[in-house]
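None of the figures in this text is laboratory data; all of them are computed from the coordinates on show. Every value quoted in this text rests on a predicted model; they were computed, and no experiment measured them. Neighbour counts are summed over all protein chains in view; Cβ atoms, including those assigned to glycine, are modelled from backbone coordinates with ideal geometry.
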Amino acid sequence: MRDISVDMIIATVARLFTDAAYRLPDDVLRALRAASDLETEAQAASVLKTIEKNALVASEGGYPLCQDCGMAVVFLDVGQDVRFVGGDLFEAVNEGVRRAYRDGYLRCSIVEDPLYERRNTGDNTPAKLHIRIVPGREVKITVTPKGFGSENMSALAMLPPAAGERGVIEFVVETVGRAGPNPCPPVVVGVGIGSDFEGVAELAKRALLRPIGEHNPLPSYAALEEKLLEEINSLGIGAAGYGGRITALGVSVEQAPTHIASLPVAVNICCHSNRHAATVI
Amino acid sequence: MKQIRIVTPLTEIASRALRVGEEVLLSGVVYVARDEAHRRITEALGRGEPPSFNMEGAVIFYAGPSPARPGKPVGAIGPTTSYRMDPYSPLLIGMGVRGMIGKGARSPEVVASMVEHGAVYFGATGGIAALLASAVVASRVICYEDLGPEALRELEVRDMPLIVVIDSTGGSIYRKWP
């Protein structure tokens, strides 16, 4: 067994959220530059340049990339030979979130009671935590502060198997089309296919973590990603919804086994500020 | 493209002259309010209380800034999605609000009210909040401080870059997404 102190979890989670809030990942910056080169509509092209400029200003540390510093989503891949010592793991993740949002001047956007009181918890906790046990003696921590302008535009469908590839494409493209300008295009689209009701939604969220331009290892799914990107971009929504060729910077699909009776599909939309950071300890 | 300089309070003549797609640099006072502040403003008006700010010619920015670092008037600030404020907007437009800043489409009811009263809806680009913050010169909370980032705020802005998304004739920049 390898002992890992929860203090290390606290410090790492705090550092990753601060990084994510102020520094746009390289894959997103590269995709934005490529989009600028392809965009022919003047207003949309100007928006793309402005987004790049915003990333530069934020990287100087005065202001985060976006005022919506997101819900704190954390993925832990925990090696089965690891033992956490010195405290409660869940509380450690929350303490990391608390410190990042307080010390990094990040906006706290979580309400305790979703329906009635809706009172802000004041420290952006609790985090949304996904834990997987994997072989080994390391812990991979991935954080993604998820904005909800785009989260609100996400959707899930339990399609019949007969819907096939065409049915999946139609549902994804319709979902992005219906979202229009709301989720801050150009968006990044995470698609989950298979699993069960809640599993497919998690697949879609995990798909958003894959660097833009890195395709699904299976050729059939990689081809599906290309088809989806092409159809989404032919919607013409464009940057900020002002009309243009680039509506999505990238589409990632993650699939998993499912039941003979179903073809679950989930579409998790992220704005162009697809913030994520990861490390292995 | 030519940028049009406008100041608040926005006169009806100025707002009715604006057209879809025009780029604007806005200076003056804007009021920051989003979901919960809109609910409270509307409930207070319903109880017959006087409005908490002067609505004649007012511009409301749908936003909730991040906390200000020491020495800065405000943190990152950018538009939130406007449709969530649609149920409240016609009442406020009827009371004199002449400009709204947000992102995304509006309901037919809001657009009809804008046409009737000569109001205009500006788009600020979502996700460029670090840049937009540099147009803010002062900020203070008017009320609802308990809401944290959702408090009702008064901002003084200088040359905030906006675009006319829906004008007072009902024209919209969002072609296929009403």
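In percent, how large is the relative contact order of the stretch A:1-154, given Cα pairs closer than 8 Å and 6 or more residues apart?
Over the stretch A:1-154, the number comes to 36 percent.
Report the label-to-label distance for residue A:26 and residue B:17 in nanometres (one decimal), using points 7 Å from each Cα along the Cα→Cβ vector.
It works out to 5.1 nm between the two label points.
Rounded to the nearest 0.05, what FRET efficiency do residue B:25 and residue A:91 give with R0 = 60 Å and r taken as the Cβ-Cβ distance? Could you check?
Approximately 0.80, to the nearest 0.05.
So how far, in whole Å, is the C-alpha centre of the stretch A:245-281 from the one of the stretch A:149-209?
7 Å
How much mean residue ellipticity at 222 nm does the protein assembly as shown get from its helices, if each DSSP H run of length 4 or more adds -39500 (n - 2.57) and you divide by all residues, to the nearest 500 deg cm²/dmol?
On the way: 13 runs with 148 residues, N = 459.
So the helix-based figure for the protein assembly as shown works out to -10000 deg cm²/dmol.
Lys pairs in chain A, Cα-Cα under 20 Å, at least 8 apart or on separate chains: how many?
6
What is the Rg over Rh value, at two decimals, for the stretch B:48-138, using alpha-carbon atoms and the Kirkwood definition of Rh?
1.01
Applying a 10 Å radius around every beta-carbon, put A:16-23, A:166-173 in order of their mean neighbour count, most first.
Those peptides, ordered most packed to least, come out A:16-23, A:166-173.
Relative to the present Cα-Cα distance, how much length would full extension add between residue A:5 and residue A:279 at 0.36 nm per residue of separation?
This chain segment gains 97.0 nm when fully extended.
So if R0 is 56 Å, what FRET efficiency would residue B:72 and residue A:223 give, r being the distance between their Cβ atoms, rounded to the nearest 0.05?
The pair residue B:72/residue A:223 has a calculated efficiency of 0.70.
Along the three principal axes, how long is chain A when you take its alpha carbons, biggest first, rounded to the nearest angstrom?
53, 50, 40
Count charges around residue B:54 for me, please; just the other residues with Cβ under 12 Å from its Cβ, Lys/Arg as +1, Asp/Glu as -1.
Details: positive: B:98; negative: B:56, B:154.
Within the 12 Å Cβ shell, the charges total -1.
Net charge around residue A:6, counting only other residues with Cβ within less than 10 Å of its Cβ (Lys, Arg = +1; Asp, Glu = -1)?
Around residue A:6, the surrounding residues sum to -4.
By how many nm would the segment from residue A:214 to residue A:81 lengthen if fully extended, with 0.36 nm per residue of separation less the alpha-carbon distance?
Values: separation 133, 0.36 × 133 = 47.88 nm, distance 3.02 nm.
Result: 44.9 nm gained on full extension.
How big is the equivalent ellipsoid of the stretch A:172-281 along its three axes, where each semi-axis is √(5λ) from the Cα gyration tensor, reported in whole Å from largest to smallest?
They are 23, 17, 13 Å, listed largest first.
State the cysteines of chain A left without a partner when partners are defined as other cysteines whose beta carbon lies under 4.7 Å away.
When partners are defined as cysteine Cβ atoms under 4.7 Å apart, chain A leaves A:66, A:69, A:108, A:270 without one.
Considering only C-alpha atoms, what is the centroid distance from the stretch A:17-71 to the stretch B:52-131, in Å?
Using only Cα atoms to place each centre, the spacing works out to 23 Å.
Can you compute the FRET efficiency between residue A:103 and residue A:131 using 1/(1 + (r/R0)^6), with r the Cβ-Cβ distance and R0 = 35 Å? Round to the nearest 0.05.
On the way: r = 25 Å, r/R0 = 0.72.
With a Förster radius of 35 Å, E is 0.90.
Add +1 for every Lys or Arg and -1 for every Asp or Glu among the other residues with Cβ under 14 Å from the Cβ of residue A:262, and state the total. Don't jump to the answer; show the numbers that get you there.
Details: positive: none; negative: A:196, A:198.
Once all neighbours under 14 Å are counted, the net charge is -2.
Less than 14 Å from a label point 7 Å out along the Cα-to-Cβ axis of residue A:140: which backbone N atoms in the stretch A:207-221 qualify, by residue?
A:207-211, A:217
If you wrap a convex hull around the Cα atoms of the stretch B:45-100, how much volume per residue is inside, in Å³?
117 Å³
Apply the Debye scattering formula to the stretch B:25-178, with a single equal point scatterer on each alpha-carbon and no solvent, then give log10 I(q)/I(0) at q = 0.17, 0.20 Å⁻¹.
Per q value, in the given order, log10 I(q)/I(0) is -0.94, -1.31.
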